[in-house]
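The values are calculated or read from the model by the stated rules, or taken from the named source; none is laboratory data. All figures in this text were calculated on a predicted structure; none of them were measured in a lab. Backbone-built Cβ (ideal geometry, glycine too); neighbour counts: all protein chains shown.
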Amino acid sequence: LWEAGFKERYYKQKFGVELPNKEFQNNYIEGLCWVLKYYFQGVPSWKWYYPYHYSPFASDFIDIGDIQVYFELGEPFKPFEQLMSVLPAHSKEHLPVPFQKLMTEEDSEIICFYPKEFKIDLNGKKFAWQ
């Protein structure tokens, strides 16, 4: 954080852009609103998600007073759908057999959600176990 150009490198590496844009701000503010509503009023939306793995810098939250946040409630996931969205394929034994196949067979319509290899981002970590 103390090095010149850190912010620009962060946005380039984490978001693939040179400078932050209003979309990052809006999505993050929506996320904050979603969490507050969830804990104080109940689920505001079953469909909403934050589309990035990283947050913008706090210093980029300027001119945010005009952001309008609306949520569409949608429908909750069914229990097995929810489990499939959080379990890795190697934990398939916790699901009924027909669902297990969806997580492992190459011709499954949702196999793209169960990659065999993926990158691990150690950003901000000194050790892999952190």
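Some observations on this one:
- The conditions of being out of contact with any Cys (no Cβ under 6 Å at 6 or more places or on another chain), at pLDDT below 95 and more than 29 Å from Arg9 (Cα to Cα) are not met by Gln130.
- Restricting region 104-124 to residues that are within 16 Å of Glu81 (Cβ to Cβ) and not hydrophobic (A, V, I, L, M, F, W, C) leaves a set whose member that is surrounded by the fewest Cβ atoms within 10 Å (Cβ to Cβ) is Glu109.
- Helices (runs of 4 or more DSSP H) fully within region 22-130 that include at least 1 residues being touching a residue at least 24 places away in the same chain (Cβ under 8 Å) and of a type in the set (Lys, Arg): 22-41.
- Hits in region 40-62 - residues which are touching a helix residue (DSSP H, G or I) at 6+ places or on another chain (Cβ under 9 Å) and over 14 Å from Tyr28 (Cα atoms): Val43, Pro44, Ser45
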